[in-house]
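Student: Structure in structure tokens, see below.
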Amino acid sequence: MKQKGGGDQVLRPLDQSEAIPHIGVKCPPAILIVDDDPTNLRLMHRILAKQWDVEIASDAEQAAQMLVTRGFHSVITDYDMPGKDGIWLLAFVSTHYPHARRILVSGGNTTDIVPHIRSGLVQGFLSKPIRRDELRVVVGTPGPSGTPSPQP
């Protein structure tokens, strides 16, 4: 990470050769789940950990730092969190890791989210409370190459 003026850290995404030093080596499919609510984190982790390598973060900035050091096939993030929100995180993912599937979770009014869905920034959406079957459908299952495949 680079240092900026007053000591603030600026995240620098790794270039492709740094981010994936094991090109050609099959790695377990990984999902990053981001939510400031530990109950939601545990629920989604429990549902997805049977098929995926799941990592969790409690805020968008922690998640961005995790993305800099490891690649993820999908990022599932809550919309409304303290500090940076889920849209900020999905924009970061879209810019630096466009191959990663971007899924947003929200328990509130979805009016503000619709433009982000239409623009393609949000590729999957879940309403709270999260239902096991809906989560599995939106995330999909690991395909033969380790990438998510939508469930029929």
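The values are calculated or read from the model by the stated rules, or taken from the named source; none is laboratory data. Worth saying up front: this structure is predicted, and the values here are computed from it rather than measured. Methodologically, a virtual Cβ is constructed for each residue, glycine included, from the backbone with ideal geometry; neighbour enumeration extends over all protein chains shown.
Student: Can you tell me how many residues within the range 26-39 are surrounded by 16 or more Cβ atoms within 10 Å (Cβ to Cβ) and at pLDDT below 95?
Tutor: 2
Student: Okay, next question. Taking helices (runs of 4 or more DSSP H) that do not extend beyond the range 46-129, which have at least 3 residues that are crowded, with 19+ Cβ neighbours inside 10 Å, in contact with a Leu (Cβ under 8 Å, 6 or more places away or on another chain) and at pLDDT 95 or above?
Tutor: Because the criterion is at least 3 residues that are crowded, with 19+ Cβ neighbours inside 10 Å, in contact with a Leu (Cβ under 8 Å, 6 or more places away or on another chain) and at pLDDT 95 or above, the helices (runs of 4 or more DSSP H) in the range 46-129 that meet it are 60-69, 86-96.
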